Amino acid sequence: MELRARTPAGPLAEKWDRHRFEMKLVNPANKRRYKVLVVGSGLAGASAAASLAELGYQVSCFCFQDSPRRAHSIAAQGGINAAKNYQNDGDSIWRLFYDTIKGGDFRAREANVYRLAQISVDIIDQCVAQGVPFAREYSGYLANRSFGGAQVSRTFYARGQTGQQLLLGAYQALCKEIARGTVLMYPRTEMLDLILIDGRCRGMVTRNLVTGEVAAHVADAVVLATGGYGNVFYLSTNARGSNVTATFRAWKRGAAFGNPCFTQIHPTCIPVSGDYQSKLTLMSESLRNDGRVWVPKRAGDTRPPHEIPEAERDYYLERKYPSFGNLSPRDIASRAAKEACDDGRGVGPGGRGVYLDFADAITRLGRQTIEERYGNLFEMYQRITDEDPYRVPMRIYPAVHYTMGGLWVDYDLMSTIPGLHVLGEANFSDHGANRLGASALMQGLADGYFIIPVTIGDYLATAKLDKVSADHPEVRGALEGVARKTKRLLSIGGSRTVDSFHRELGALMWDKCGMARTAHGLGEALRRIPEIRAEFWENVTVPGSDAELNQALEKANRVADFLEFAELMCRDALHREESCGGHFREEHQTPDGEAKRDDERFAYVAAWEYAGEGAEPVLHREPLVFENVQLAQRSYK
Amino acid sequence: MPFGRFWGSTIGKKVVMAVTGIVLVGYILAHVTANLLIFVGPSAIDGYAASLRTLPVLLWGVRVLLLVSVVLHVVAATQLAVLARAARPTAYQRFVPQASSSASRTMRWGGVALLLFLVYHILHFTTGQAHSDFIHLAPYHNITTAFRVWWVAGIYVVAMVALAMHLYHGTWSMFQTLGIEHERVNAARRRFATIIAVAVPLGFVSVPIAVLLGALR
Amino acid sequence: MTMHLKLRVWRQPGPTAAGRFVAYDAPDLSADMSFLEMLDVVNERLIEQGEAPIAFDHDCREGICGSCGLMINGVAHGPMRGTATCQLHLRSFRDGQEVVIEPWRAKAFPVVRDLVVDRSGLDRIIAAGGYISARTGGVPDANAVLVAKDDADSAMDAAACIGCGACVAACPNASASLFAAAKIAHLGLLPQGQPERAKRVLRMVSQMDMEAFGNCTNIGECQEACPKLISIDVIARMNRDFLRASLLGREERVGSSGEG
């Protein structure tokens, strides 16, 4: 396997422009002859499907939810970054680029990140034109807020529901195309395999989740926009349905997987309350604009927060990172919280929590202002915990939130399988080893609205694509493979539920491959995972049949993939003998406990190739070349 | 938009109900005002009845307008009720209303009751078939003799309770259907509907009660 | 503290199969559990006994995706106001309480299985006109069109709709008026939404009627059931837009709409 990033030549600021000019175009009249399948209807998928259909391609779009509007992008709260510099506070495309590269701990491709920063400004224009109700000043101009990892105010937001509003914008654009007949929408449909013919991706196999029908879709190109794999940890801020199946099965068909160990732990989530817990709820990072994070100075201090005097509180983020303070990037804030709790200074039941306190902000700004800024988040917190954050400080703890790793893609967002493109969280690009807040929405929409509509044209115009018949042996083979796997899951008839395996895997991953990792722990995980997997295939029970709505079967299919994928993650985490961003190896830290990168040995993207059942995956390296930024130790002090 | 298409849409029908509702509310306001003349004396109300007959064009114009309004109101309501019933073929085993008033939930059966009452009322006081001692153009006599019978007065009182409920929701609903909504007027819409719903039926029932109590004879 | 609930759940194996209520005993629950986590626990026990778990839609479990929606003791999304089923916690129930769980019921929402219904009619209402036709690219700078803060805020209030269908479920007429009106208000309050305003309301209302939703009788159950507490003021606004478009709007010329 050869990793060809296809990064265009020339100065950084001109690469995208030049590349757009050099790419081949598809004649407008010919576009309708090409069929593109888009899997996923989140920000990346919906915007791609709508934009490709506007251009004239025949598009089919698939999502496992009952409506494309429910994709998990909808849950993003805080905002979307753009280098508009509307605040005149020194922002620029270059600064957004630099912040993102640095925030990602210098593990992303310069050219991709620069393009992302360039496109960020167009995204805001597009969304406003669609009617996204961004927050406004009294003047009628757009408002901005600050976010972690940046010292400028460049985040656009729609209350605490920015993801929802951006997704509805893309969804509405998609609906418009569905009504025109240019997009065929397949809700409640899951992709289970790819179809490769002559080395190119020419379609896929899906299962209709209502009828159980397994079908093949033949096309000229496939676009995966299927999100991240955070649910490998069982408990995460992801939606319950979020899964790795699409990208993992693409991996098994030959798409390289980039940096699978780069996962983001979000510092501000509501702590776990019991064993039955099914998901963790994020409290937007924007809360850290006004909330102060603290724990008691003394370990084992169980006094209620209002009884702990100021002098006995440790505002540890402000203490350790005076210039960024409570707005330190996510990986750093998360680790600091874990450290405080490991010291025995955690608060709340089980001691896995820290305070996020608004008392000062309420005194300074008044309750009304706080209510305007965060009212819906405070309500949500109260609904879940039954505590009033206006009176009692919130309790928060880090939780798995986002996965920077994903299928490896070149500059055109194409994977190592020609014709298979990967967008949004599903690909590995842009965020390096840590994503800054409000950048996921930016990337999803950049990929879907502005990048793939251009780059896919170049692929279609240059690839020689013969017509594929629906009964091609590869098509039949893929169909049979899917049917076989389903039958096997249904026939095991063991005694444990799918969730019990998922929970067991999740606990192991959180413990060994979570916020802090060691060679020893990862080694243990690599021993344990195959055991769990073996038991799964012998002892899982999946009731019902494959010819009906069978939610247990859906889960079993996904968990089976997580059980294999987890191993790849741990393997990647073990091989990366450095700490960077969200990947913290305890063996590699500075004397004061910060992540210690090893640029000599690890300034590369780890792209793993599937080598067959039971064989060790093969590591390929794409070296990261930094021509425009100086590699430095990331400091937020 | 042609009326056919307008009428074909659910909102179109609701608008028709609202507009005919305005006509009917306007009419009962005039009606209740005229009724109260009975307290001035027999000659006042009898004279008013006679004077109406001097303007046959107006009288019949109003009657046709009312008839058309009632027919449209009832037809639209019936069609919408049929549609609404079809929209939920399986009922909930348990359904607990959270916000709606009993007035709003009884609009349909209350409306049917009012329609039946209307027929009776016309036969009773306009054409006389339902009246044992009817004298044409002698409303004072017709009213006082009728309401001396307690159950006849009772029918009217019950009907006016139904009218009060119908007006309480209907008048407010009319604003909503016609899109008359603004934060400055929203509270006034509710007040207006409440006043109409209380004042009109009270005005009407004051007559049978006065007769029963012997204040009018 | 552990809790115990007595469930009566609507079970229906498929769209055309007959359904019935089945009683389940749910002991050893925690008051801090969410309602859906309680169903997870019940389902785990069912699967262990080799029975089919209760099918219900859910995804984000933080009240924003709009997947979940159950009729709980006769109230859409259960007893807590402004809360989707996934954010309802068992502390809203009494120990030992009977809880009747039904799917959303409407002709336009046919049951798929158990508590899962098909809400695609809502998507078709949006597809009929619930958008601003802004092709990707070629739009003006975001600050070129100013939007008064009050208008932006009101638009956001309406845009908060999560499309769960509780308004339809709670309406005795199974009307989708609040859903359609929220989108019409969101787009109609913004300057960008003006060019298509008349066409939008006519098409969306017509689609809503075609989907066999009932009509609005202004009784207000929907706004009470709405997890985002969207006000029925938006319905008055939709009616006003509809009336204006019907009376004053020009007929759509065949083939002139461009967007099908």
* Give the shape of segment C:30-86 as rounded, prolate or oblate, defined through the alpha-carbon gyration tensor: a ≥ b ≥ c are the square roots of its eigenvalues, a/c under 1.5 means rounded, and otherwise the shape is prolate if a/b is larger than b/c and oblate if not. => prolate
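Given the pairs A:LYS102/A:LYS596; A:LYS24/A:LYS176; A:LYS176/A:LYS467; A:LYS596/A:LYS637; A:LYS15/A:LYS35, which span a C-alpha to C-alpha distance of over 23 angstrom in this model?
A:LYS24/A:LYS176; A:LYS176/A:LYS467; A:LYS15/A:LYS35, as the Cα separations exceed 23 Å there.
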* Where the centre of each part is set by its Cα atoms, how far does segment A:232-252 sit from segment A:451-508, in angstrom? -> 13
* Structure fact -> Residue span A:SER139 to A:SER323: 0.36 nm per residue of separation minus Cα-Cα distance leaves a gain in nm of 63.1 nm
* Asked: Counting DSSP beta bridges in the protein assembly as shown, what percent are antiparallel, to the nearest 5?
  -> 70
* **Dipole magnitude of segment B:1-143, debye to nearest 20 (Cβ charges: Lys/Arg +1, Asp/Glu -1, about Cα centre)** => 820
* Rounded Å value of the spacing that divides the Cα centres of segment A:400-422 and segment A:1-64 -> 13
* Which of the peptides C:76-85, A:456-465 is most tightly packed, and how do the rest follow, going by the mean number of other Cβ atoms within 10 Å of each residue? -> C:76-85, A:456-465
* Just going by the charge dipole of segment B:3-212, with Lys and Arg at +1 and Asp and Glu at -1 on Cβ, which of B:THR106, B:VAL198, B:MET165 is farthest out on the positive end? -> B:THR106
* How far, in degrees from 0 to 90, does helix A:473-491 lean away from the longest principal axis of the Cα atoms of chain A, to the nearest 10? -> 50
* Under-5 Å amide H pairs with A:TYR604, H placed in peptide plane, nonlocal only -> A:LEU624
* Using θ = phi - 60° and the Karplus curve 6.51 cos²θ - 1.76 cosθ + 1.60, what whole-Hz ³J(HN,Hα) does each residue of segment C:115-122 get, with Gly and Pro shown as x? -> 9, 8, 10, 9, 9, 5, x, 5
* Structure fact -> Taking the dipole of chain A about the Cα centre (Lys, Arg +1; Asp, Glu -1; charges at Cβ), the one of A:VAL400, A:GLY432, A:THR486 that reaches farthest to the positive side is A:THR486
* Under 19 Å from a point 7 Å along the Cα-to-Cβ line of C:ASP141: which residues of segment A:423-460 have their amide N that close? -> none
* Going toward the positive end of the dipole of the protein assembly as shown, with +1 on Lys and Arg Cβ and -1 on Asp and Glu Cβ, which of C:PRO191, A:LEU96, A:TYR276 do you reach last? -> C:PRO191
* Asked: Which FRET efficiency, nearest 0.05, do B:ALA99 and C:MET1 yield, Cβ-Cβ r, R0 35 Å?
  -> 0.60
* Structure fact -> Interchain or sequence-distant (5+) residues whose placed amide H lies within less than 5 Å of the amide H of C:SER175 are C:GLY214
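So for each of A:624-630, A:339-345 I average, over its residues, the number of other beta carbons within 10 Å; can you give me the resulting order with the highest mean first?
Taking the mean over residues of other Cβ atoms within 10 Å, the ranking is A:339-345, A:624-630.
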* Asked: Residue-wise, which Karplus ³J(HN,Hα) couplings in Hz belong to segment A:575-587, taking 6.51 cos²θ - 1.76 cosθ + 1.60, θ = phi - 60°, and x for glycine or proline?
  -> 6, 7, 7, 7, 10, 7, x, x, 9, 10, 9, 4, 5
* **Inter-centroid distance (Cα atoms) of segment A:609-637 relative to segment A:199-229, Å** => 29
* What spacing in nm lies between the two simple spin-label points modelled at B:VAL198 and A:GLU600, each 7 Å away from Cα in the Cβ direction? -> 8.9
* Other chains near B:69-81: what is the mean number of their Cβ atoms within 10 Å of each residue's Cβ? -> 1
* Structure fact -> Across chain C, qualifying lysine pairs (alpha carbons under 29 Å, at least 8 places apart or different chains) come out at 11
* Structure fact -> So for R0 = 30 Å, FRET eff. of A:ASP592-A:ARG391 from the Cβ-Cβ r, to 0.05, ends up at 0.25
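Based on the Cβ-Cβ distance from A:GLU371 to A:ASP301, what FRET efficiency comes out when R0 is 35 Å, to the nearest 0.05? The partial results should precede the final answer.
Details: r = 30 Å, r/R0 = 0.86.
FRET efficiency, A:GLU371 to A:ASP301: 0.70.
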* **Averaged over A:490-496, number of beta-carbon atoms from partner chains that fall within 10 Å** => 1
* **Two-site label geometry, A:ARG621 and A:PHE21: point separation in nm, points 7 Å out along Cα→Cβ** => 3.6
* Kindly provide the helix-only [θ] at 222 nm of chain A, computed as the sum of -39,500 (n - 2.57) over DSSP H runs of four or more divided by all residues, to the nearest 500 deg cm²/dmol? => -11500 deg cm²/dmol
* **Debye, to nearest 20: dipole size of segment A:476-598, +1 on Lys, Arg Cβ, -1 on Asp, Glu Cβ** => 440
* To do: Be a star and scan segment B:178-217 for residues whose amide nitrogen sits under 18 Å from the point 7 Å along the Cα-to-Cβ vector of B:ALA138.
  => B:216-217
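Does segment B:3-212 classify as rounded, prolate or oblate by the C-alpha gyration tensor (a ≥ b ≥ c root eigenvalues; a/c under 1.5 gives rounded; else a/b over b/c gives prolate, otherwise oblate)?
Prolate shape, in that a/c is at least 1.5 and a/b is the bigger ratio.
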* Counting only DSSP beta bridges with both residues in chain A, what percent are antiparallel, rounded to the nearest 5? -> 70
* Mean Cβ neighbour count within 10 Å, used as a protection proxy, ranking A:46-52, C:107-113 highest first -> A:46-52, C:107-113
* To do: Can you tell me the 0 to 90 degree angle between the C-alpha axis of helix A:452-462 and the longest principal axis of chain A, rounded to 10?
  => 30
* Degrees, to the nearest 10: B:42-53 long Cα axis against longest axis of chain B -> 60
* Sticking with the crude label model, points 7 Å out along Cα→Cβ, report the distance from C:GLU51 to B:ALA34 in nm, one decimal please. => 6.8
* Structure fact -> Along segment A:225-232, Karplus-curve 3J(HN,Hα) (6.51, -1.76, 1.60; θ = phi - 60°) to the nearest Hz, with x for Gly and Pro, reads 9, 9, x, x, 10, x, 6, 4
* **Within 10 Å of each Cβ in C:183-193, the average number of Cβ atoms from other chains** => 3
* Asked: Where the only charges are on Cβ atoms (+1 Lys, Arg; -1 Asp, Glu), what is the dipole of chain A about its Cα centre, to the nearest 20 debye?
  -> 840
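Throughout, read-outs are computed from the coordinates displayed, never taken from laboratory work. All of these numbers come straight from a predicted model, not from anything done at the bench. In this analysis, Cβ positions are derived from the backbone assuming ideal geometry, glycine residues included, and neighbour counts consider all displayed protein chains.
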